[in-house]
């Protein structure tokens, strides 16, 4: 195996450089001449298609329909909601001219779509009969302002879904919140094997223009937190800004209640970093485009014919199976290449396997080898893939739970943040001043207010010593 193909950096020694090697050498992505913009190569895009397919099905079960709105947003629409505009202004890329002509009005390249979508909603929603109005779009967005781009995790252009719903009541909006968050968590945990901390954002960390933001938070191998998908309850804030009203059953005109929610390709980066190892990419079987790869092993033409006959029989019986029949590469080279590319299960078939009417299975996550007779092929392959899926999630969850530590005072909080990392459970009074002081002195923020904890009784705020209102997680974040 050449130096160019293999991973040369250890995950524990330099997770950033290791991650960049995994991304490029596995064939997930490539850099471009535009800083912060990557190519989603077929491997990563196939994974995104699988995630999108599963999520789209769940959205449709909720009653959410797909649409598509323009990439460009007139400046006047962004200015309609000053709080929203201020939040994204540093990240907005603008189009100011076409050819040799200056545009009459600047056009923003979509950082998110509230402004352009709600300009239509005000015309579409007139009566209580038009509600609820549930709409989602799968698209790309551009957010330009950052210093250290990282493929998938932080890029200037990324892919996502953004849902924008409107309701007659707050209760309907919050009921859908639970349904969407359930869908997000199911995709993260059951498909991507990423454990979640579900909770509510503080007012400081919530989405600009939202009444409340709810999020799923994850923990990376280096002990840093990363935010996953989120759901924003916007109340009537955007409705008032964009004049989205409806007439109720009594003939009274009212503003709609709105929600927004999103899941992006950032989740792919979280999954790649969380599960992969020093040999390369590791993919959970449920999202892997290729679940098994068959490597034939033979030394002469007679062996080749017998081996390839058995290879064909095996491949015909398995779904998402690939045969590596390249003759210019040795079996050893192929073994290493498919390890780097993260295929969950390798199947080796040589003369011994032909003779014994069995195949050799090699798990990507553990490297364990097992043999299985042809009569049990589908059952054992399915079992190995499901065990790998389960193990990846359990290992990631164990890492997360082992890195949730509780701090009883501010000095202990600072020590944990500085020397151990991970999530730090601490009591908080609910005041933004204390939240800001902690962030200024430790660079750790409140990731969310986890639903897993009851409100503290008799506890004091980690910073000011006043009565605490919430248990929160502090962490350094990507």
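The values are calculated or read from the model by the stated rules, or taken from the named source; none is laboratory data. This one's a predicted model, so the numbers in the text were calculated from it and none came from an experiment. When we count neighbours, we look across all protein chains shown, and the Cβ atoms used for this are built from the backbone with ideal geometry, even at glycine.
Miscellaneous remarks
- Matching strands (runs of 3 or more DSSP E) fully within the stretch 190-253 where at least 1 residues are more than 19 Å from residue 177 (Cβ to Cβ) and under 23 Å from the mean Cα position of the chain (by Cα): 212-219, 225-235
- Residue ID - surrounded by the fewest Cβ atoms within 10 Å (Cβ to Cβ), chosen from residues in the stretch 439-464 that are more than 15 Å from residue 203 (Cα to Cα) and touching a helix residue (DSSP H, G or I) at 6+ places or on another chain (Cβ under 9 Å): 443
Yes or no, residue by residue, for (1) part of a strand (DSSP E or B); (2) at pLDDT below 95; (3) out of contact with any strand residue (DSSP E or B) (no Cβ under 7 Å at 6 or more places or on another chain):
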| residue | (1), (2), (3) |
| --- | --- |
| 284 | no, no, yes |
| 290 | no, no, no |
| 293 | yes, no, no |
| 299 | no, yes, yes |
| 305 | no, no, yes |
| 312 | no, no, yes |
| 322 | yes, no, no |
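- Of note, residue 158 does not satisfy the criterion of being in a loop (DSSP other than H, G, I, E, B) and either surrounded by 12 or more Cβ atoms within 10 Å (Cβ to Cβ) or touching a strand residue (DSSP E or B) at 6+ places or on another chain (Cβ under 8 Å) (or both).
- For residue 138, the criteria (1) loosely packed, with under 15 Cβ neighbours inside 10 Å; (2) touching a helix residue (DSSP H, G or I) at 6+ places or on another chain (Cβ under 8 Å) hold in every case but one, which is (1).
- Evaluation of residue 343 against the conditions (1) over 11 Å from residue 293 (Cβ atoms); (2) touching a residue at least 24 places away in the same chain (Cβ under 8 Å); (3) in a loop (DSSP other than H, G, I, E, B) shows that the sole unmet condition is (1).
- Yes/no for residue 18 being touching a strand residue (DSSP E or B) at 6+ places or on another chain (Cβ under 7 Å) and modelled with pLDDT of 95 or more: no
- From 375, 379, residue being more than 21 Å from residue 477 (Cα to Cα), out of contact with any strand residue (DSSP E or B) (no Cβ under 9 Å at 6 or more places or on another chain) and modelled with pLDDT of 95 or more: 375
- Meets criteria (within 30 Å of residue 194 (Cα to Cα) and crowded, with 16+ Cβ neighbours inside 10 Å) for residue 36: yes
- Within the stretch 95-148, the residues that satisfy the criterion of being in a helix (DSSP H, G or I) and either under 28 Å from residue 52 (Cα atoms) or free of Cβ contacts under 8 Å to residues at least 12 places away in the same chain (or both) are 114, 115, 116, 117, 118, 119, 120, 121, 123, 124, 129, 130.
- Considering the stretch 228-257, the residues that are free of Cβ contacts under 8 Å to residues at least 60 places away in the same chain and in contact with a helix residue (DSSP H, G or I) (Cβ under 7 Å, 6 or more places away or on another chain) include one that is surrounded by the fewest Cβ atoms within 10 Å (Cβ to Cβ), namely 255.
- Residue 6 being buried (at least 18 other Cβ atoms within 10 Å of the Cβ), at pLDDT below 95 and outside any helix (DSSP H, G or I): no
- Taken across the stretch 293-303, residues that are buried (at least 24 other Cβ atoms within 10 Å of the Cβ), touching a residue at least 40 places away in the same chain (Cβ under 8 Å) and farther than 26 Å from residue 358 by Cβ do not occur at all.
- For the stretch 363-378, a tally of residues being surrounded by fewer than 18 Cβ atoms within 10 Å (Cβ to Cβ) and not in a helix (DSSP H, G or I) returns 8.
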